[in-house]
């Protein structure tokens with residue numbers, strides 16, 4: 001059927017699932033966008049019209065694959081272009097599509113809304129070694145500290161060279177050891193790093209100050225010799 005602009009079909013078209021809906025039209029100049037809109041109430045589907053070599057726009061709709069329910073659809077042609085403020089909308093008429101299903105069809109399921117929850121499956125924890133093995137390696141780890149304490153008890157600790165500058169350094173160093181102990185017992189890596197950065201910076205500065213002071217004290221001794 002042939003129509004001119006602003007006219008519409010006198011009667012409703014009839015089609016079934018074995019047919020295609022083909023709409024051809026020509027425009028005096030090439031437009032940027034051309035669509036065919038089929039709608040029924042709040043449900044709609046839009047098809048893009050493409051221009052062939054003869055400058056004629058064409059839309060071909062496979063009714064069986066593009067539509068999922070039987071209904072009466074209004075057909076509207078929409079033309080848009082950057083030089084046009086409002087798009088041109090031309091109502092062509094109506095088409096009754098019968099897909100041959102006697103069951104009450106439902107519209108396609110909306111893709112919006114909450115998605116099904118994704119359950120992540122984590123790898124099970126590795127089997128821990130036997131308790132005697134863990135205790136043995138724990139003893140090896142603490143052995144150097146135990147040996148140091150035994151040597152201090154036997155030889156004695158010389159507190160004569162301890163200066164006021166050494167106190168902050170040893171406090172910072174002891175805090176680092178305590179932080180490592182807490183990390184072993186209950187802290188995680190992120191919390192440990194958050195505390196280690198300021199404590200480590202404090203220990204570095206006080207240690208640098210302490211070593212500089214010791215170096216200054218030893219220079220006069222070498223010059224006297």
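The values are calculated or read from the model by the stated rules, or taken from the named source; none is laboratory data. Everything quoted here is computed from the prediction, not taken from an experiment. Neighbour counts run over all protein chains shown; Cβ positions are idealised from the backbone, glycine included.
Answer with yes or no whether residue 91 is outside any loop (DSSP other than H, G, I, E, B), surrounded by 11 or more Cβ atoms within 10 Å (Cβ to Cβ) and either at pLDDT 80 or above or at negative phi (or both). In short, yes.
For segment 13-45, which residues satisfy the criterion of being under 17 Å from residue 97 (Cα atoms), touching a strand residue (DSSP E or B) at 6+ places or on another chain (Cβ under 7 Å), exposed (fewer than 13 other Cβ atoms within 10 Å of the Cβ) and in contact (Cβ under 8 Å) with a residue 12 or more places away in the chain? 14, 20, 22, listed by residue number.
If a residue has to be outside any helix (DSSP H, G or I) and surrounded by 13 or more Cβ atoms within 10 Å (Cβ to Cβ) to count, how many in segment 173-195 make the cut?
Residues flagged as outside any helix (DSSP H, G or I) and surrounded by 13 or more Cβ atoms within 10 Å (Cβ to Cβ) within segment 173-195 amount to 1.
Among the residues of segment 102-132, which ones are surrounded by 10 or more Cβ atoms within 10 Å (Cβ to Cβ) and at pLDDT 80 or above? 129 - this is the single residue of segment 102-132 that is surrounded by 10 or more Cβ atoms within 10 Å (Cβ to Cβ) and at pLDDT 80 or above. Kindly indicate whether any position in segment 196-211 is exposed (fewer than 11 other Cβ atoms within 10 Å of the Cβ) and part of a helix (DSSP H, G or I). Yes - at least one qualifying residue is present in segment 196-211.
Between 69, 47, the distinction of being farther than 16 Å from residue 3 by Cβ and in a strand (DSSP E or B) belongs to 47 only. Residue check: residue 4 meets all listed conditions (1) touching a strand residue (DSSP E or B) at 6+ places or on another chain (Cβ under 9 Å); (2) in a loop (DSSP other than H, G, I, E, B); (3) under 20 Å from residue 58 (Cβ atoms) but one, namely (1). At pLDDT 85 or above and assigned to a loop (DSSP other than H, G, I, E, B): is that true of residue 85 in this structure? Spelling it out, it is not the case that residue 85 is at pLDDT 85 or above and assigned to a loop (DSSP other than H, G, I, E, B).
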